[in-house]
There are 2 protein chains.
Amino acid sequence: MLTKNELKTYSSLIQKKFRNKENKFIAEGSKIVEEGLNSNIKCEIILASQQYYEENLKDLQHIIKKGHRLEILKSQDFSRLTDTVNPQGIAAVFNKPAKFLNAAETLSSKIVVCLENISDHGNLGTIIRNCDWFGINILLVNNCADLYNPKAVRASMGSIFHVRIFEDVPIEHLTGLKKNKYKFLCSDLNGENIYKYTLPDKSIITFSNEASGPSQNIIELTDEKITIPKSGKAESLNVASASAVILAVLTQNIK
Amino acid sequence: MLTKNELKTYSSLIQKKFRNKENKFIAEGSKIVEEGLNSNIKCEIILASQQYYEENLKDLQHIIKKGHRLEILKSQDFSRLTDTVNPQGIAAVFNKPAKFLNAAETLSSKIVVCLENISDHGNLGTIIRNCDWFGINILLVNNCADLYNPKAVRASMGSIFHVRIFEDVPIEHLTGLKKNKYKFLCSDLNGENIYKYTLPDKSIITFSNEASGPSQNIIELTDEKITIPKSGKAESLNVASASAVILAVLTQNIK
């Protein structure tokens, strides 16, 4: 039985300030909960609506056998846990994983994605999913949207549990990466054609806010601008789509 | 001066049934309105909030000089025109363009995108933007989300005014395209590696709903399945990101 206080705490996790206070986040939807349970990230509790419980009894009993705490909620209580209009009826509360502290000391992979000022939670989650598909780690700098926002978690489709993500990376760490021979590539409308581009040994590809563009810090760090050539009339690509294309083309260059 | 009835009609365009009844749609945001005004699609009226009007007087007077009707609204009236929480304060009502009737008789381009059952308006708009970037026409079949939904229009960032989109295409027209020597490619988790794939002379690339996958009709039409190889752990890509990657890689094959 879930206490009133517990329900209050878990439903507060929709808001960033309470996620920060509790150091927990809530993941909603069966696919995403499953990915979380299969990861190394600690699950505190699984919450299901009465209807979801009745319709998925076997799967849920399997979960209880594994030792997870499961509580069943009335649908009006369940709806307090989520910002979706028609929730699936299953969610889980996870401890936020420990932050990776110093990217410059930790990273060695050939391609790393660096996101700055990505304000749309859906785009952030989709980029995480793209990076997961292509096996890429992520640095978040300069006021990106919160990784653990329910919409970002949902859009990541569970990739938030797979990808190594360095949050709140200070600019000095980027300078450290530059000293570690990383070249900084910035996606731009006027840069080198990605199809003809020879990738450096170690690259950090930066994606910034679509509306405001790269910050002065990122511009100063940039070694090369890269561009997806266009054949149509759109002025730009959505940042998540652009990240997918650039990773799809550039990861081919290192094989 | 906008009449009460006009405000009622224009604010009803948020809903599909009224867009269908009036054969009009509303586009919100300065960039999107600008793209609409630069297109061949007829604009009925431009609506601005008092604040937007005061802050963008020059641009708006330029628009009035071109002969467009402009009305200024109190912010609480303007908010009735939009489903966004913080609207920019500028919107315009456009006539829906005439539907393209028979894709099989009209299309000749080497690559065409066919969308079925794409239910998320954001994804639909983003795919339209992707297709616009790569200069590709679109067929919509089997219950796609409404093209003129405000969220789809917004996500297209004005590309809805550029791309040739065939709505509600009946399956028989797809069969007609097959007779016109189009090969049907279906994006799938187990198909030909897109990086090594030799594109047919004329291709229709189908993208279906992420959750439900391709319908029986599309499966029967499919000549070849194509896949974006993965190096990470994500189970799938977001459909808009997948479309961007596939178009980016395959349009290179025809140059």
Quick one: in segment B:57-102, of everything that is in a strand (DSSP E or B) and under 25 Å from the mean Cα position of the chain (by Cα), which residue is surrounded by the fewest Cβ atoms within 10 Å (Cβ to Cβ)? B:95
Can you find even one residue in segment A:20-38 that is within 29 Å of residue A:145 (Cβ to Cβ), at pLDDT below 95, away from every other protein chain (no Cβ under 14 Å) and part of a loop (DSSP other than H, G, I, E, B)? no
List the pairs whose first member sits in segment B:100-111 and is on the phi < 0 side of the Ramachandran plot, whose second member is exposed (fewer than 15 other Cβ atoms within 10 Å of the Cβ) and part of a helix (DSSP H, G or I), and whose Cβ atoms are under 7 Å apart, counting only residues at least 6 apart or on separate chains? B:100/B:106
What are the residues in segment B:161-179 that are within 14 Å of another protein chain (Cβ to nearest Cβ) and either in contact (Cβ under 8 Å) with a residue 60 or more places away in the chain or polar (S, T, N, Q) (or both), if any? B:161, B:162, B:164, B:165
With the structure loaded, tell me whether residue B:227 is buried (at least 16 other Cβ atoms within 10 Å of the Cβ), within 14 Å of another protein chain (Cβ to nearest Cβ) and modelled with pLDDT under 95 or whether it fails that test. no
Residue that is nearest to the other protein chains (Cβ to nearest Cβ), among those in segment A:198-208 that are at pLDDT 95 or above and closer than 28 Å to residue B:136 by Cβ: A:207
Can you say whether residue B:185 is away from chain A (no Cβ under 14 Å), in contact (Cβ under 8 Å) with a residue 24 or more places away in the chain and over 20 Å from residue A:241 (Cβ atoms), as far as the supplied structure shows? no
Looking at segment A:214-253 only, could you name the residues that are more than 24 Å from the chain's Cα centre (by Cα) and closer than 21 Å to residue B:234 by Cβ? A:253
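Only one of these is in contact with a helix residue (DSSP H, G or I) (Cβ under 7 Å, 6 or more places away or on another chain) and over 16 Å from residue B:245 (Cβ atoms): A:217, A:209. Name it.
A:217
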Just checking, does segment B:110-123 include any residue being closer than 25 Å to residue B:216 by Cβ, of a type in the set (Asp, Glu) and surrounded by 22 or more Cβ atoms within 10 Å (Cβ to Cβ)? yes
Selection status of residue B:145, away from every other protein chain (no Cβ under 14 Å), closer than 21 Å to residue A:129 by Cβ and among the small types (Gly, Ala, Ser): yes
Can you name every residue in segment A:131-145 that is more than 9 Å from the chain's Cα centre (by Cα) and within 21 Å of residue A:212 (Cβ to Cβ)? A:139, A:140, A:141, A:142, A:143, A:144, A:145
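Given the options B:252, B:216, name the one that is on the phi < 0 side of the Ramachandran plot, surrounded by fewer than 18 Cβ atoms within 10 Å (Cβ to Cβ) and more than 9 Å from chain A (Cβ to nearest Cβ).
None of the other options fit; the residue is B:216.
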Somewhere in segment A:199-211, is a residue of a type in the set (A, V, I, L, M, F, W, C), under 15 Å from residue A:111 (Cβ atoms) and surrounded by fewer than 17 Cβ atoms within 10 Å (Cβ to Cβ)? no
Determine if segment B:154-174 includes at least one residue that is under 24 Å from residue A:125 (Cα atoms), within 11 Å of the chain's Cα centre (by Cα) and aliphatic (A, V, I, L, M). yes
Somewhere in segment B:224-243, is a residue more than 21 Å from residue A:135 (Cβ to Cβ) and of a type in the set (Lys, Arg)? yes
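The values are calculated or read from the model by the stated rules, or taken from the named source; none is laboratory data. Not measured: the values here are computed from a predicted model. Reconstructed Cβ throughout: ideal geometry from the backbone, glycine too, with neighbour counts over all protein chains shown.
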